[in-house]
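Participant: Questions regarding the structure given below will be posed in turn.
The values are calculated or read from the model by the stated rules, or taken from the named source; none is laboratory data. These numbers come from a predicted model, not from an experiment. With ideal geometry, Cβ positions are generated from the backbone for all residues, glycine too; neighbour counts draw on all protein chains shown. Just the protein is used for accessible areas: all its heavy atoms, side chains included, with ligands, DNA and RNA removed. Shrake-Rupley method; radii C 1.70, N 1.55, O 1.52, S 1.80 Å.
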Amino acid sequence: MVLEKIDKENIRARVMLALDLWLDGSASKAIKELEKVTKDAPEDDLAWTFLGDVYYDANKADSAIKAYKKAVELNDKNFFAWFHMGIAYEDDKRKYEEADRCYEKAIQVRADPPAEIFLRLGVLNDINGLDRPEKAVQYYQTYIDNGGNVTGDNGNVVAGILTDRDLVVR
């Protein structure tokens with residue numbers, strides 16, 4: 001088998017192979033390989049992050065969150081682990097305060113966070129359980145200011161919310 005032929009010490013190659021398996025639709029094989037990688041290289045925060053991503057995609061949110069927690073324990077500046085853990089808490093676990101904490105931490109650790117995180121924070125504060133409309137408006141505006149798409153579904157939602165609140169969409 002190809003997995004056995006890869007040098008056990010070459011962690012990056014093993015992670016890349018696992019990601020290829022995942023992208024080819026074999027999440028279970030990808031999970032098995034990433035679990036082996038995290039056993040062989042338990043200090044590799046990126047392997048833990050990718051393991052979380054594959055778990056999440058396989059509808060295993062609890063396992064994903066555990067993997068993301070391990071990733072940020074190893075590297076508290078791991079933007080993707082914080083961001084994806086927030087998504088798992090928000091979308092699957094409905095733990096909105098935890099999602100908010102993860103998103104905020106993700107913003108702190110990256111100088112140029114993608115606009116999408118501000119959209120997620122806007123929705124989280126607006127309609128997904130936190131009921132903080134003032135903060136939601138700030139996040140929606142930041143989403144737009146950071147190049148967020150103001151056309152299409154996301155943009156129409158944001159523009160509509162800001163218009164309903166008598167704010168100007170730039």
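Participant: Place the peptides 94-103, 49-58 in order of packing, highest mean first, counting for every residue the other Cβ atoms within 10 Å and averaging per peptide.
Facilitator: Put in order of decreasing packing, that is 49-58, 94-103.
Participant: Whole number in Å², please: accessible area per residue of segment 71-127, 1.4 Å probe, ligands, DNA and RNA not counted.
Facilitator: Computed with neighbouring chains in place, this is 45 Å² per residue.
Participant: Roughly to the nearest percent, how much of the accessible area of segment 25-156 is carbon and sulfur, given a 1.4 Å probe?
Facilitator: Carbon-and-sulfur percentage of accessible area, whole number: 46.
Participant: Pairs Lys29/Lys105; Lys60/Lys135; Lys105/Lys135; Lys36/Lys95: which are spaced more than 28 Å apart, C-alpha to C-alpha?
Facilitator: The pairs that break the limit, which is 28 Å between Cα atoms, are Lys29/Lys105; Lys60/Lys135; Lys36/Lys95.
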